[in-house]
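Just below is one structure, and these are the notes that go with it.
None of the figures in this text is laboratory data; all of them are computed from the coordinates on show. Everything quoted here is computed from the prediction, not taken from an experiment. All Cβ positions, glycine included, derive from the backbone under ideal geometry; neighbour counts span all protein chains shown.
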Amino acid sequence: MEPAGGPPRRLQAPGPRYGEKAIHGLLALCGILSVLTTTAIVISLVGPTIGFFEIVPVGDFFFGTDWTPQFEPPSFGVLAIVAGTFNVALWGMLFAIPIGLGAAIYLSEYAAPRVRKTVKPILEILAGIPTVAIGFFAASFILPEIIQPLWPGELFGGAVGKPFLALAGGLGVGLMIVPIIASISEDAMSAVPHGLREGAYAMGATKLKVATRVVFPAALSGIVASIVLAISRAVGETMIVLLAAGSTPNFTLNPVEPIQAMTAYIGVTATGDISTGSLDYKSVFAVGTLLFAITLVMNMISIRLVRRYREVYE
Amino acid sequence: MAGLGAAAPRNRLATAGARATTRAMLRDQPRGDVIRNTAFAGLLLLAILIALAGLMALLIQAFAKGSSALSLDLFTNPPSTAFPEKAGFRTAILGSLELIAGVILFVIPVGIGAALYLEEYADKTRWWNRLIEVNIQNLAAVPSIIYGILGLAFLVRGPFDLGFILAAGSLTLALLVLPMVIIAAREAIRAVPDSIRQGSLALGATKWQTIRRQVLPASVPGIATGVILAVSRALGETAPLLLVGATVFVTFDPTPFSPDGYSAMPVQIFNYAVRPQEEFQALAAAGIIVMLAVLLAMNSFAIWLRNRYEQRW
């Protein structure tokens, strides 16, 4: 028995629709371009790095503490500039973690909606300030007007009379990453369901206890993710450390010493007419590979953690 | 009747009494708790005030140092190391504008294309699509100077061998901010509810017609916000440009493919900032004021756009 009105209409497309397929392919190509970018980064890093290690022994690179590429014979002990990077990152984090988390808890738990609506965009503006401006601020204000007058005398060798300080770079980097910590942590805390807070209040908890013992632990993976991402940003920052912390390789965590960070070495060495294939040129790529590896590991950890809090509450 | 009339005020009294007791019990938190709560709230407020004070100090200091050098000469005169009183940013501003134009041309089609692919076409259970996704998240957090290395080894020299030209710098910046655009565009596309797509498909539109006429128009504000934020990031980025050639004091107006070199606003500011003389410091600060004014305008516009057109479905 055929249904009334003739045979059922076919629902497939009348033609093969090549245009649709071409568009699908074109869009996929855009997606693949990002993978190609990563591949290109790895390829451009690996080649010269292998060339570098054919000349400089791996052990000397990873365990040496003297970074003197301009000397004869040169020494490539990368720990000196790794220490410089983490010197800056350490003081930056010591500044940014309490400030960023304080701001996040305030915005998520304490602030009136109106305050939150004004303060959040201002923090976003802080996140949009170019790092060269923050570096200039760190070198010409934080260093001479804040650190040098306030530093207690000769502690760790004293801060007066030095044109560059790791601490100045650290505070500049700290200012840069406060909005990262504040905004990601605030997102994580706002994602904690209200039922948890109301349950705690019903049990007689004070606001302080709700914020610190209920919301904070519940949002912990997001908070840790923001901190890991911030460390990765601090490690990868170039202009602030170049302008405020100097270009003197220094195997120390002392905040009132000039240092050189890995990024700063790359930034001052690979400018202008560096000749392709020279040892200096290759050393830039070896340092770049190490920097890439360090930040990659941190980013992966951060991405994992963010995914975890999303899975739980959203 | 009489019984009820007598009970009403008594009930009211009882309710009022119970309410007062409850209030009194809840209000009288232990003194220690009250002090701790206030102190904690004060500390949080202090944290946010320090962050805002840092931002204010940065702006005020740039004005205090740079206002003496602020004049129209800044825009019309080329940079100079010999005559700081006549030096300006002309070629750097032009360089930055050309760099940004290239970034926009590259980032809008490729960024939106990749976002559309991931949200509308990609099968999330396939490993290669998950690879693309994780890869983009990772790229967004790769240090900018690594992109400089990529530009130096891959675009300026190596496979593409473009030389130290402005177009290579532009492409480097575009690759740097591409992940930001993709992530923002994906969020905007994801926010369009499925019912819109299903409605369009049910009316006989093809997949691309649905995307082109329903999904894209609905997500334009979100995408635009992401693009503006990414472009403003590219405008302020310095480190990668140091590696791909934008370091020289250029006295002529740059063109995209000229091998004679180019400059950019943040690189020029950096070049002035590393000179200790007061005049160059003032020039650096004045350049920062100009750049911050442009960036603040762009960012505020993006934030306004997002708040104004944020669609609730």
Taking 41 Å as R0, compute the FRET efficiency from the Cβ-Cβ separation of residue A:66 and residue A:110 and round it to 0.05. 0.25
Simple label model, 7 Å out from Cα along Cβ direction - residue A:39 to residue B:134, nm: 1.8
Arrange the peptides A:92-99, B:228-235, A:81-88 so that the one whose residues have, on average, the most other Cβ atoms within 10 Å appears first. A:81-88, B:228-235, A:92-99
Exposure proxy ranking, count of Cβ atoms within 10 Å, fewest first, for A:33, A:155: A:155, A:33
Report, to the nearest 10°, how far helix A:113-127 tilts away from the longest principal axis of the Cα atoms in chain A, using its own Cα long axis and a range of 0 to 90°. 50
On average, how many beta carbons from a partner chain sit within 10 Å of the beta carbon of a residue in B:232-243? 5
Would you list A:20, A:109, B:133 from fewest to most Cβ contacts within 10 Å? A:20, B:133, A:109
Mean ellipticity per residue at 222 nm, deg cm²/dmol - from DSSP H runs of n ≥ 4 across chain B, formula -39500 (n - 2.57): -23500 deg cm²/dmol
Rounded if a/c is under 1.5, else prolate if a/b beats b/c, else oblate: with a ≥ b ≥ c from the C-alpha gyration tensor eigenvalues square-rooted, which is chain A? oblate
Helix-only [θ]222 nm of chain A, DSSP H runs n ≥ 4, -39500 (n - 2.57) each, per residue, nearest 500: -20500 deg cm²/dmol
Just tell me how shielded A:208-221 is by partners: mean number of partner chain Cβ atoms within 10 Å of each residue's Cβ, no decimals. 1
Given 25 °C and 0.890 mPa s, how large is the Stokes-Einstein diffusion coefficient of chain B in µm²/s, with Rh as the Kirkwood radius over Cα pairs? 103
Segments B:287-298, A:67-78 sorted - mean Cβ within 10 Å per residue, highest first: B:287-298, A:67-78
Starting from 0.36 nm per residue, how many nanometres of slack lie between residue B:255 and residue B:57 once their C-alpha separation is accounted for? 67.6 nm
With axes computed from alpha carbons, what is the tilt in degrees of helix B:31-66 against the longest principal axis of chain B, rounded to the nearest 10 within 0 to 90? 20
PRE reach from residue B:83 (point 7 Å along Cα→Cβ): which of the range B:261-279 fall under 18 Å by backbone N? B:279
Taking a threshold of 25 Å on the Cα-Cα distance, which of the pairs A:117/A:207; A:120/B:65; A:117/B:124; A:117/B:65; A:120/A:162 fall above it? A:120/B:65; A:117/B:124; A:117/B:65; A:120/A:162
Suppose R0 equals 30 Å. What FRET efficiency, 1/(1 + (r/R0)^6) with r the Cβ-Cβ distance, do residue B:49 and residue A:162 give to the nearest 0.05? 0.55
Folded to 0 to 90 degrees: helix A:279-313 orientation relative to chain A principal axis, Cα: 40
Starting from the Cα gyration tensor of the protein assembly as shown, multiply each eigenvalue by 5, take the square root, and state the resulting semi-axes largest first in whole Å. 45, 38, 24
